[in-house]
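The values are calculated or read from the model by the stated rules, or taken from the named source; none is laboratory data. Please read all numbers here as calculations on a predicted model, not as lab measurements. FYI the Cβ positions are ideal-geometry reconstructions off the backbone, even for glycines, and counts take in every protein chain you see.
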Amino acid sequence: MRRAMGRGRRGPSLLGTAARTAVIAGTATAVSGRVAAAQQPPPAPAARPPEPQPAPAPIGVDDLHAQLTKLGELRQSGLLTDEEFDTYKARLLTR
Amino acid sequence: MEQTSTIGPVEWVALTFPGSRLDARVVPPLRDLVDPGTVRLLDAAVLHKDADGVMTESELEAEGVQAFDDLDGDVLELLSEDDLIAIAASLAPGTTTLVLVWENRWAAAFADSVRRAGGVLSAYDRVPTDRVGPALQRAPLTGAPV
């Protein structure tokens, strides 16, 4: 095969998230090795959503906005998983 | 094969082999697809994962496998460093993986004909292999023209 560029593989990702998700399960193993370890931070301990609160008072629009924003920040920082974010968000919106 | 300027669907695969060397036996069937222009190779990269799980990225020409050197195709370096690291993360230790990107030229020519006839692609998927066998067994093989 001919090398057409020779500039290295520093361009943007061609595959996106598929590079990880497309690897067929049977060939996958427990993550080991330096590269994998560097790429995958250890999973955060699963935070259990708190037990449902009894009938909370209705929430004002400003409060709602502030709390949704806070939730978004918590997810961004990795303190909440997407699933937990959805749980809390749904709970906020149904109050 | 009909010449066409449309770019056909581009696919990629990661082919993982045991051991630390690429096997030249995969080249002849690949050549049979490349030489008549059925597919066009756009990129190739090699990933080694040693017994300790340490990944090393390599390029085909560094593998010293003559059959690949003579294979028609381009290494356009479309796969990024990040792509290769992400693929390697899930591979088993003690393996060598060939990552290939190719364009389905046959589909480009076909797509051109469809477009000229006013057609568009409305759906596209690959049938899971485990569904194909049973489906073919159910199909009547009468040999009658459709």
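Restricting attention to segment B:24-59, the residues that are surrounded by 14 or more Cβ atoms within 10 Å (Cβ to Cβ), under 20 Å from B:Pro93 (Cα atoms) and not acidic (Asp, Glu) add up to 9.
From the list B:Ala108, B:Ala139, B:Ala117, B:Ala135, the lone residue that is away from chain A (no Cβ under 14 Å) and buried (at least 16 other Cβ atoms within 10 Å of the Cβ) is B:Ala108. Out of curiosity, is B:Ala24 closer than 15 Å to A:Arg2 by Cβ and more than 7 Å from chain A (Cβ to nearest Cβ)? In short, no. When segment B:40-84 is filtered for residues that are among the aliphatic types (A, V, I, L, M), farther than 22 Å from A:Ser13 by Cα and more than 9 Å from chain A (Cβ to nearest Cβ), the ones remaining, listed by number, are B:Ala51, B:Ala62, B:Val65, B:Ala67. Within segment B:85-105, no residue satisfies the criterion of being within 7 Å of chain A (Cβ to nearest Cβ) and touching a His at 6+ places or on another chain (Cβ under 8 Å).
In summary, A:Arg9 fulfils each of the numbered conditions (1) more than 14 Å from every other protein chain (Cβ to nearest Cβ); (2) closer than 30 Å to B:Pro93 by Cβ; (3) at pLDDT 75 or above with the single exception of condition (1).
Screening A:Gly16 on (1) modelled with pLDDT of 80 or more; (2) within 14 Å of chain B (Cβ to nearest Cβ); (3) in a helix (DSSP H, G or I) shows it passes everything except condition (3).
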